[in-house]
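Worksheet: the structure to be examined is printed underneath.
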Amino acid sequence: MNDKEAADNLTRAYASLRQEIGKVIVGQDEVVRLVLTAVFAQGHCLLVGVPGLAKTLLVQTIADALDLSFNRIQFTPDLMPSDIVGSETLTQQREFQFVKGPVFANIILADEINRTPPKTQAALLESMQEYAVTVAGQRYPLARPFFVLATQNPIEQEGTYPLPEAQLDRFMFNIELGYPSYEEELNIVRNTTSDRKPVVSKLLHSADIEAYQALVRRVPVADNVVEYAVGLVQRTRPNTPRAAARATQLLEWGAGPRASQYLIVAAKCNALLSGKYSPDIEDVRAVALPILRHRLVRNFRAEAEGVSVEQLVKELL
């Protein structure tokens with residue numbers, strides 16, 4: 001199978017996945033698209049939304065449709081790093097044996113990640129970046145594909161531990177989950193208050209996903225698209241030669257080179273999911289907001305004037 005045929009297969013598989021996920025998840029089309037984009041682009045997601053918006057159900061449904069193992073970790077203030085990655089225990093034969101933690105799965109839901117101290121948050125860093133964990137000097141590789149989806153509650157910030165910039169930068173997307181519309185909520189209530197239990201078919205397997213991830217990396221990109229992506233990121237960096245005037249006025253820090261990389265990889269995947277064989281500038285624009293949202297730090301003036309990061313990104317676009 002050549003790359004063109006594989007790209008067509010991915011477009012069809014994506015349409016089937018959307019239909020299958022729609023059996024359980026009502027609405028949230030853009031959220032589903034971004035999460036699947038991150039899966040095929042080998043990225044991680046930070047999902048921000050109030051409780052009760054089916055974040056766990058969404059991830060579980062996607063894991064079922066992709067035939068991937070799934071673990072949910074509820075982050076609490078007393079959670080220790082060993083509770084995530086695992087630990088060594090002494091057997092009856094007086095030998096140390098490594099017991100794997102919940103991070104050893106294909107899809108990890110890190111629920112309310114900002115409720116646990118930085119030491120435990122950092123336990124995810126190596127797994128997200130290196131696809132492995134190290135315990136007692138021994139390195140243990142994780143199963144591939146590997147995908148972390150972390151959630152945050154935007155309402156309650158008391159007693160929480162904001163994620164450090166180094167960890168935020170490792171998430172490809174920051175996805176904001178909104179309330180459903182009136183019609184969508186009607187369907188949600190009807191579906192969840194009956195004895196109807198939809199069955200989600202397994203459409204793809206781990207080998208298929210890894211093949212599509214490799215395909216995304218092989219997608220050709222025109223020079224003008226790369227230049228647009230890099231130029232967009234450069235314009236977010238205040239007090240630099242290519243900085244936009246508004247960025248210098250309203251931002252303390254701009255996005256780093258990882259944002260440029262993610263813009264291109266995500267644009268490649270967005271193009272394939274839309275039935276195109278190469279991304280254009282519109283594909284970069286389609287993924288720019290969730291990529292830049294958590295990488296731009298506003299200064300005091302922006303906060304005083306009530307200018308949000310979303311507003312600034314839209315101006316830069």
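Of 23/197; 55/119; 276/314; 23/276, which sit over 18 Å apart, Cα to Cα?
Pairs exceeding 18 Å: 55/119; 276/314; 23/276.
Rounded to whole Å and sorted largest first, list the principal axis extents of the Cα atoms in the chain.
Ordered largest first, the chain gives principal extents of 66, 44, 43 Å.
With a Cα-only, solvent-free Debye model of the range 92-162, what are the log10 I(q)/I(0) values at q = 0.15, 0.16, 0.19, 0.22 Å⁻¹?
Calculated log10 I(q)/I(0) at the listed q: -0.59, -0.65, -0.83, -1.00.
Relative contact order for the range 3-207 using alpha-carbon pairs under 8 Å, separation at least 6, rounded to a whole percent?
About 33 percent, as a whole number.
Please compute one quarter of the surface area of the Cα convex hull for the range 65-201 and express it in square nanometres.
11.9
When the dipole is taken about the Cα centre of the range 9-97, and only Lys, Arg (+1) and Asp, Glu (-1) are charged at their Cβ, what size is it in debye, to the nearest 20? Spell out each step's value before the answer.
Values: 7 positive and 9 negative charges, 65 e Å.
I would put it at about 320 debye.
If I take R0 = 51 Å and measure r between the Cβ atoms of residue 87 and residue 15 in this structure, what FRET efficiency does the formula 1/(1 + (r/R0)^6) give, to the nearest 0.05? Walk me through the intermediate numbers first.
Values: r = 43 Å, r/R0 = 0.85.
The computed FRET efficiency comes out at 0.75.
Based on the Cβ-Cβ distance of residue 211 and residue 119, what FRET efficiency does E = 1/(1 + (r/R0)^6) give at R0 = 35 Å, to the nearest 0.05?
Values: r = 37 Å, r/R0 = 1.06.
The computed FRET efficiency comes out at 0.40.
Residues of the range 120-154 with backbone nitrogen within less than 15 Å of a virtual label 7 Å along the Cα-to-Cβ line of residue 98, please, listed as ranges.
126-128, 130-144
Once each part is reduced to its C-alpha centroid, what is the distance from the range 1-58 to the range 274-308 in angstrom?
A separation of 20 Å, based on Cα centres.
Please list log₁₀ I(q)/I(0) at q = 0.10, 0.12, 0.23, 0.24 Å⁻¹ for the range 220-316, using the Debye equation with identical point scatterers on the alpha-carbon positions.
Values, matching the q order: -0.26, -0.37, -1.09, -1.16.
Which of these, 152, 92, 138, has the largest mean-square fluctuation under a Gaussian network model of the chain (Cα springs below 10 Å)?
Taking springs between Cα atoms under 10 Å, the residue moving most is 92.
When the dipole is taken about the Cα centre of the chain, and only Lys, Arg (+1) and Asp, Glu (-1) are charged at their Cβ, what size is it in debye, to the nearest 20?
Details: 33 positive and 37 negative charges, 89 e Å.
That gives a dipole near 420 debye.
Within the chain, which complete DSSP H helices have Cα atoms spanning at least 20 Å along the helix axis and a mean Kyte-Doolittle hydropathy of 1.0 or higher?
none
What does the extension gain come out to for residue 281 and residue 308, with contour length at 0.36 nm per residue minus their alpha carbon separation?
Length gained, residue 281 through residue 308: 7.4 nm.
If each DSSP helix of 4+ residues adds -39,500 (n - 2.57) and the sum is divided by the residues in the chain, what number results at 222 nm, nearest 500 deg cm²/dmol?
Working: 15 runs with 147 residues, N = 317.
Calculated mean residue ellipticity at 222 nm is -13500 deg cm²/dmol.
Given a Förster radius of 41 Å and the C-beta distance between residue 199 and residue 126 as r, what FRET efficiency does 1/(1 + (r/R0)^6) yield to the nearest 0.05?
Result of the calculation: an efficiency of 0.65.
Find which of 34, 10, 24 sits farthest along the positive direction of the dipole of the range 3-43, computed with +1 on the beta-carbon of Lys and Arg, -1 on that of Asp and Glu, about the Cα centre.
Farthest towards the positive end: 24.
Just so you know, all these numbers are worked out from the coordinates, no wet-lab data involved. Values in this document were obtained by computation on a predicted structure and should not be read as measured data. Note that each Cβ is placed from the backbone with ideal geometry, even for glycine, and that neighbours are counted across all protein chains shown.
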